[in-house]
Each structure stands twice: as structure tokens, then as C-alpha cells.
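So the structure is just underneath, and the comments pick up after that.
Readers should treat all values here as calculations from the given coordinates under stated rules, not as data from a laboratory. Values in this document were obtained by computation on a predicted structure and should not be read as measured data. Positions of Cβ are backbone-derived with ideal geometry, glycine not excepted, and every protein chain shown enters the neighbour counts.
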Amino acid sequence: MGRSLFEKVWEAHHVGELSNGQTQLLIGTHLIHEVTSPQAFGMLRDLKLSVRYPHRTFATVDHIVPTDVREEPFADKLADAMIKELRRNCAAYGITFFDLGSAQQGIVHVVGPEQGITQPATTIGCGDSHTSTHGAFGAIAIGVGTSQVRDVLATQTIAMNKLKVRRINVDGQLSPGVFAKDVILHIIRVLGVQGGLGYAYEYGGDVIDRFSMEARMTVCNMTIEGGARCGYVNPDETTFGYLKGRPYCPRGGDWDRAVEHWRGMASDANCDYDDVVNIRAEDIGPTVTWGINPGQAIFVDEDVPDPSTMPDEERATAEEALAHMKLKPGEPILGKKVDVAFVGSCTNGRLSDLQEIARFLPGRAVAKGVKAIVVPGSQGVDVLAEELGIADLFRSAGFEWRSAGCSMCLGMNPDKLVGDQMCASSSNRNFKGRQGSPAGRTVLMSPLMVAAAAITGQVSDARDVFGLREPVKA
Amino acid sequence: MALHKITEIAGGGIFIPGDDIDTDRIIPARYMKSLTFDGLGEYAFNDERKDAAGRDRPHPMNEPRFAGARILVSGANFGCGSSREHAPQALYRWGIRAILAVSFAEIFFGNANQIGMPCLCLRRGDAGRLGGEVAAHPDLILKIDIKTLSVVYGDVCVAANLPAAVQRVLLDGRWDPIAELLEKPDQVGAVARRHAYMTS
């Protein structure tokens, strides 16, 4: 019987069994940021421990950085203290830091792949649940807590239970206007926000095979929203093509040997998965959330569901969601007024996300009264978007073009919703209060759908706004 | 690093009803702008406890009769969302020492356990009944026995679930694994050397 990539990578990084039966797992690559690391460094100092492999930890600053005025000291004193603490810790322990002025700064899950630090068949840990993003490269990439950040700094290992593997096949042909974001929102809608507990998700099928690395990252990114700790795609020519020549990737003969190794680590054809789920691409439409968790989603042309028709265990959450979102059962979500449009985040802040929108922007403008902001995922994305004229297209259409960071995905910097504003957002979480205002309302959707909402001032079907409907066949 | 053995957690309960209570609700991100976890207890469930003007809203954590609660009772998928250890840290610093729920999100479960705040699963019916009792009787004392995996309150005893490995580290006082992770640096080094990417 063949083995999955998960099993092969797990075995290759298995240091030993702990006395309670858990695995001591080597975390080969460690990424840190300013929010979940300062306490870990504090714990290290309290325990008089040092950093075991400083060259295997890479840092950047993303959550708290302002996206408009970037000069230090930041107006927010707490944010200013956090960036300085990270800078100090990286200098003290000899850790590579992609600092604000480095041209390599950005959201940690955008920077890792961009720099070629994220590689197939590796284990990656980061004090951030969206670490699952890196699984797009065939890495086992897991979000960890701060005490585990300490564990990785001190030992380069963590204690963990082996996960089961669920293979999710997405086969067929996506319709125009349906993107990776819709695929993962649909998967979470089908399997539920708790469906992935105890599993790693392996994504495959011909839709995933045809996806670019950036689309695969979008899918893997939101794996955690489905309850699975990590998700991955087996490495293939698309993966190698993306990585070749990136700063931290091997070169020359080392590159050839690495590719050969990576190929061998992909799941074998005759794997016996713990579970298999098949999704038909044709069943997926542009998807939006109507509630307060990412599983509460519908196709944009569906009506808001009626909690009274739901199973007992879903009803209370659904009622709470509708009350928060100020939506009524059975009404269309199309046409709901939008106050803010946010394009960015580790889910959809990459160049291809911006390109997909930009090609439709000439001749269109953000609706009056809508605040529309674009926050590139990294300084690298920002520079490319400027060079390609994409940033100007956004600016001309009335979007604010900002600097790289997490921004309004979680409102830890000055970019926040106000009051009960409704935000069309390309981010990953629609939890109550997630975007910085306790009463703020988030509707998750693909970047192109966010653009459609920005231009019309309401939740809209991008296929209609941008003329993407397939011609009706006679 | 000597840790205390966790064999029993006893004390008053507090019921936070609902499924999918996410980490943004447990501790809103804006309170994570800090270099330490100190003082986080004050902001546990802040946006549910306070209105926009900072006034108290009806919430069990605002009720003096639940102020000394040590055991939190909730629904399914408790702690879903982000990996922020700030969430269990905030609850711990508020006074919580164990959580009973229908199920837990994986990262939250591990984070909570690693700081010595065990998370045990109850059957949905049992969790609902216990929650109701806790809400109605703030003086009710709950006893969680980690050895027998049971919860006793009044004359009721219900089964609780905990993976065997977790049960063992609690009973042995090894719920923070750092000491054991530090024990075999040579073995870690040997596995690391097998990987070309680790040496670059």
C-alpha cells in the first residue's frame, strides 16, 4: 500500500516518541511575527534557554503595521513597542528579519513562499493558524500557539499527535467567475467548520492540478477554517516552476537533487486515505458568507437560509448570525449595501488576486460612499503591482492603494471597520468583531466579488458586473 | 521544570452557551497588542461583555455570582479560529482552570493543555444539562476527576473524554512538554542532518 505525502514527511521529521505517546516532530522551518513571538522569547529568557537553530527561523512584521503612514515611531505606542521588540529579539538571537525597510516585508504567509523559504516535503511551524497556506507546496505546515513557538525556538521540535488524512478531490471545470476562494468556501460549507478535526486535508483532482501556486495557497490557507490543522497539495511541475530561482531555494545540482527528492515525497498513487471526499467543480458558484463563521456560506444568487428549517445543533448559531449580520431569513443577499471593500490578506493578497480584478477596472469606479482599500500581501507584491501598472488601475478606479500587512483582515492596525459597517472582504474570517469593530459585519468572498461590491456599492454577482456569464448554448 | 500534577479540578462553573465560540470572541485581536500575556483576563470575551461605550452588557462573566468560577462549560468546536494562545491565557487569567465542552478546535485544545488548563469533552446532552444547572445554580460545585474522566455535580456523575496521552501528561505533571523536548538534542540533530534544507 502506498503512503501519502503527509505520512512520508511525518516519518522523515519524527525524532522520537514522547512518554505520553505523542511524536516529537522536527519543525524544519519556523516563521515568526510580532504578535505571537514576544511572549515566547520572554519564556525562553525565563527558562534560560537559547535558540537552537537560529538560521531556521525567519521573521517579519505584518499584523500591527500601519498600511498608510509607515514612519516610526508608529502613532500607536503598543504597535511601536511590538515591532521594536521583534527587532531586538531577532538581533539578540541572530534570526533573519524581513523588517519594514527591507523590501521583503509582508504577511508571513506571503513572504515565505515568495522568498522560496517554503519548500515541499518540509515541516513548517508558525504562531499563526493560517500557516496551513504553505501546504500548497507540499509542506506539512501547522499553526502553533506561543508556548509551542518557544518549543520550536528552544528545540526545533514540538509535541504532536499524528493526523489522519482526508483526500479532497475537486474535479471538472470551474465556470467563469468561480475561483479558488469559492472552491475552499464551498468545501468548508460542505464539510463544516468542525469537519476537519483530527485531519490533514490533501487537495487534489484536476481543478487543483490546474491551479496556479497562488490559487493553491488560497485553498490551503482556509483549511484551518474547516477545522483541519493543515492542508496540502502534492508538489508538481507547477510547484517547481514557482520555486526555481527564488532567493532561499537551492541552486544548480542542489536544485536538481531537491526536485528529485520532492517528487519522491508526493503521495503514492495507491494511497489508502482515512477518508475521501469528491467535489464537482460544476457544482460550485461564486460563494459569499451570510453569517459569523466561514461555513455559513451560500452562492451569491441563493437566499439567506432560514434557521427554523435547520437541524437543532445549527439553529442557535444561525439565529445569532442573522441577528449580528442584520439579515432576514429567506431574503436575497444580492443587493445588500456594502460600506467597505477590502482586498488583501494571506488568503487573497497576492499578485494574481490583484491582476484578476485589475483587468476589469478600466472604465469602472468605486461607488460613492464605499471605502475600498487594497493591501498588497507583501512589499514584493506591491512593487510588482506598481511596475505592471496594476496599482494605478486601482487608484484610478477610486481604490486606496496601501502598503503591505494584514490590515483589515483582523483590525490590529489602524484599518478597522466602524460601528456596524458591512465589509465585502477577500479575507478568511467573518467572526463577530474580527475586522476591528464589535458590531462590524463581514461578508467573505473572492477578490473579484469584492471588486464587484466596491463598484456597485452592494453585494453583487461579479459575473453580471463584469460580463462573465457563459453564453447560453442553443 | 517541575509542574504540578493535575488530578482533579473542582470549583464553581460558568456557562457560555453556543457552538463555534471563536478565539476572536474569547479575546478580540486589538487586545493582543502587548509583549506579555499579563492583564489579558480583564479582556476575556470583552466584546460580549461590554457595549460600544464600555458599559456592561448581560453576560455571565459580568455577574458577581460567577466571579469565582473555575470551570467553563460550552458547546461544540470551542476555541475555533486563530492559533492565538492569548485566548486560553485570557481565560486562565480570568480564573478558569478547566473547560468542559462538546468539542474543541485543535490548536486551542493544545494551547490550553500546555498551560495546564485541561479541556474535556462531554456528550452534547450532558453539556447542555450541566450548562443549564450551572446557569441556574451559581453555587453548584463541579468536580472533574482526571483519573476516572468523570464530572460530578450534586448527585450527578457524567463521563468526560480526554485522549489517553493528554490524560497521562496531566496526571504525571508533564502537561508542558518542554522538559522532555529538551532531553534528546543529539537525536534532534541527527534527524535535522538528514534534511538538506536544514543545513542551508
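Here are the numbers for the structure shown:
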| item | result |
| --- | --- |
| Of all residues making up the stretch A:1-37, the number that are acidic (D, E), assigned to a strand (DSSP E or B) and surrounded by 15 or more Cβ atoms within 10 Å (Cβ to Cβ) | 0 |
| Meets criteria (under 28 Å from A:F399 (Cα atoms), more than 10 Å from chain B (Cβ to nearest Cβ) and surrounded by fewer than 21 Cβ atoms within 10 Å (Cβ to Cβ)) for A:R70 | yes |
| So A:A121, is it surrounded by fewer than 24 Cβ atoms within 10 Å (Cβ to Cβ), small (G, A, S) and either in contact with a helix residue (DSSP H, G or I) (Cβ under 6 Å, 6 or more places away or on another chain) or more than 20 Å from A:S37 (Cβ to Cβ) (or both) | no |
| Any strands (runs of 3 or more DSSP E) falling wholly within the stretch A:106-221 and containing at least 3 residues that are of a type outside the set (D, E, K, R) and either within 14 Å of chain B (Cβ to nearest Cβ) or in contact with a Lys or Arg (Cβ under 7 Å, 6 or more places away or on another chain) (or both) | A:123-126, A:140-143, A:157-160, A:199-204 |
| Which numbered condition B:V151 fails, given (1) within 9 Å of another protein chain (Cβ to nearest Cβ); (2) buried (at least 18 other Cβ atoms within 10 Å of the Cβ) | (1) |
| Wholly enclosed helices (runs of 4 or more DSSP H) of the stretch A:299-370 bearing at least 1 residues free of Cβ contacts under 8 Å to residues at least 24 places away in the same chain | A:312-325 |
| Test: residue in the stretch A:238-254 that is among the β-branched types (V, I, T), out of contact with any Phe, Trp or Tyr (no Cβ under 6 Å at 6 or more places or on another chain) and in contact (Cβ under 8 Å) with a residue 40 or more places away in the chain | no |
| Check on B:R124, within 8 Å of another protein chain (Cβ to nearest Cβ), more than 16 Å from the chain's Cα centre (by Cα) and more than 30 Å from A:D415 (Cα to Cα) | yes |
| Some residue of the stretch A:139-147 being polar (S, T, N, Q) and touching a helix residue (DSSP H, G or I) at 6+ places or on another chain (Cβ under 8 Å) | yes |
| Members of the stretch A:235-258 that are outside any helix (DSSP H, G or I) and buried (at least 22 other Cβ atoms within 10 Å of the Cβ) | A:P235 |
| Residue that is farthest from A:A454 (Cα to Cα), among those in the stretch A:392-438 that are more than 14 Å from every other protein chain (Cβ to nearest Cβ) and part of a helix (DSSP H, G or I) | A:D392 |
| Sole residue being within 14 Å of chain B (Cβ to nearest Cβ) and not charged (D, E, K, R), chosen from A:A372, A:A385, A:A358, A:A321 | A:A321 |
| Selection from the stretch A:38-66 of residues that are part of a loop (DSSP other than H, G, I, E, B) and within 10 Å of another protein chain (Cβ to nearest Cβ) | A:L47, A:L49, A:R52, A:Y53, A:H63, A:I64 |
| Residues of the stretch A:73-95 that turn out to be away from chain B (no Cβ under 12 Å), outside any loop (DSSP other than H, G, I, E, B) and surrounded by 15 or more Cβ atoms within 10 Å (Cβ to Cβ), as a count | 3 |
